[in-house]
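Working notes for the structure below.
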Amino acid sequence: MDSPFMQRVAEGVAAAGVRVIRFEFPYMQRRRETGKRGAPDPPHILMQSFLDAIGKAGGSSGLVIGGKSMGGRIASMVADDAEVRGVVCLGYPFHPPGKPEKTRTKHLETMRTPTLILQGMRDSFGGPDEVGGYKLSSAVRIEWIEDGDHSFKPRARSGRTEADNVGAAVALVAEFITA
């Protein structure tokens, strides 16, 4: 929750006048406490953690939830049942890198909650050519971050900077939330 990427995004969105609340999944709390890397918790624990965070935030009314990579995926998996106002996914893991046949999109086909997915054009978890062929709900909007990887970092030769791309992402998130 306090990675440099998440810090920049949270600060940028907050500067646009949006209240931002962050939390950690249990496996990330364990990493922080022990210093040891471990596998993520099972999906049901991750989803319950998100639901608990929604409750601690005061409930779902008017709430837009989201996260980076798996955090965004889990947010999208609980959104409809939690009846939140929207979802923001920063670098959605459409499939494991190098395994485009193993999609993680089934729930996105029937999504009812307005969802913004920001995806780097060079994201190894799903680029424009792959994602363009997926059947997704009309509630899902995808915006492509120019020359970005999974964390929106561009190649030096692109002429863009990471700050440019994170700034573009923050603007899209703020517009989505405040619209």
Any residue in the stretch 133-146 that's farther than 11 Å from F94 by Cβ and modelled with pLDDT of 95 or more: show its pairings with residues that are open to solvent by 50 Å² or more (accessible area, probe 1.4 Å) and acidic (D, E) at Cβ separation under 7 Å, as long as the two are six or more apart or on different chains. K135/E109; S137/E109
Suppose the filter is open to solvent by less than 10 Å² (accessible area, probe 1.4 Å), free of Cβ contacts under 8 Å to residues at least 40 places away in the same chain and either out of contact with any Phe, Trp or Tyr (no Cβ under 6 Å at 6 or more places or on another chain) or among the charged types (D, E, K, R) (or both); does H95 pass it? yes
Considering only residues of the stretch 31-87 that are in contact with a Lys or Arg (Cβ under 7 Å, 6 or more places away or on another chain) and without any contact (Cβ under 8 Å) to a residue 24 or more places away in the chain, which is nearest to A10 (Cα to Cα)? L63
The stretch 150-172: number of residues that are among the β-branched types (V, I, T) and under 13 Å from M121 (Cα atoms): 0
Yes/no for D164 being of a type outside the set (A, V, I, L, M, F, W, C), modelled with pLDDT of 95 or more, more than 13 Å from the chain's Cα centre (by Cα) and not in a loop (DSSP other than H, G, I, E, B): yes
Top-ranked residue in the stretch 139-161 [being of a type in the set (G, A, S) and under 18 Å from the mean Cα position of the chain (by Cα); ranked as most open to solvent (accessible area, probe 1.4 Å)]: S151
Contact list please: Cβ distance under 6 Å, first residue in the stretch 108-130 and at pLDDT 95 or above, second residue of a type in the set (K, R), pairs at least six apart or on different chains. E109/K135; L116/R141
Output the number of residues of the stretch 38-85 satisfying the condition of being surrounded by 20 or more Cβ atoms within 10 Å (Cβ to Cβ), among the small types (G, A, S) and within 12 Å of the chain's Cα centre (by Cα). 6
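The values are calculated or read from the model by the stated rules, or taken from the named source; none is laboratory data. Because the structure is predicted, anything quoted here is derived from the model rather than measured. Cβ atoms come from the backbone with ideal geometry, glycine included; neighbour counts cover every protein chain shown. Calculation scope for accessible area: heavy atoms of the full protein, side chains included, ligands and nucleic acids excluded. Shrake-Rupley method; radii C 1.70, N 1.55, O 1.52, S 1.80 Å.
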